[in-house]
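Single-structure report; data block below.
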Amino acid sequence: MKKILFLVTMLAIGISYASAQKSAEIKFDQTTHNFGTFSENSPVVTCVFTFSNSGDAPLVINQAVASCGCTVPDYTKEPIMPGQKGTIKVTYNGTGKYPGHFKKSITLRTNAKTEMMRLYIEGDMTAKDAK
């Protein structure tokens, strides 16, 4: 009987300890950016996504992967402390791409409660000779 009581007590302590773990939480101002219309004469456009850590543990972005080689994400590498902000700079290079509408995604892997997140960029690139 004492063994069962001991095991139940240890189980209860383990469950309460696991539920008390602190975690990071990532919150973006926006998750989609539209570049609008830009010319093939200036095919490189950039935007910045701003996020904050609204959790109670340091936030780490482990990986940021674009859906295409024409899109390059650059993100804050150091841990973001609770209440602090970080950025992800995304550059789209339309050189050699067909003019028209595009939509690309950037997949983030973090240590936050929501471990995987997607950001989106889109826009319309007009041909060099278009007016």
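The values are calculated or read from the model by the stated rules, or taken from the named source; none is laboratory data. Computed from a predicted structure; not experimentally measured. Backbone-built Cβ (ideal geometry, glycine too); neighbour counts: all protein chains shown.
Could we say that Thr114 is within 17 Å of Gln30 (Cα to Cα) and part of a loop (DSSP other than H, G, I, E, B) here? Against the criterion (within 17 Å of Gln30 (Cα to Cα) and part of a loop (DSSP other than H, G, I, E, B)), Thr114 qualifies. What are the residues in region 55-80 that are surrounded by 15 or more Cβ atoms within 10 Å (Cβ to Cβ) and part of a loop (DSSP other than H, G, I, E, B), if any? The answer is Gly55, Ala57, Pro58, Val60, Cys70, Thr76, Pro79.
Of everything in region 88-105 that is closer than 30 Å to Val60 by Cα and among the charged types (D, E, K, R), the residue that is farthest from the chain's Cα centre (by Cα) is Lys103. In region 33-54, of all residues being closer than 14 Å to Thr91 by Cα and exposed (fewer than 14 other Cβ atoms within 10 Å of the Cβ), the one that is farthest from the chain's Cα centre (by Cα) corresponds to Ser42. Just one residue in the set Lys113, Lys104 is surrounded by 15 or more Cβ atoms within 10 Å (Cβ to Cβ) and either closer than 30 Å to Asp129 by Cβ or modelled with pLDDT of 90 or more (or both); that residue is Lys104.
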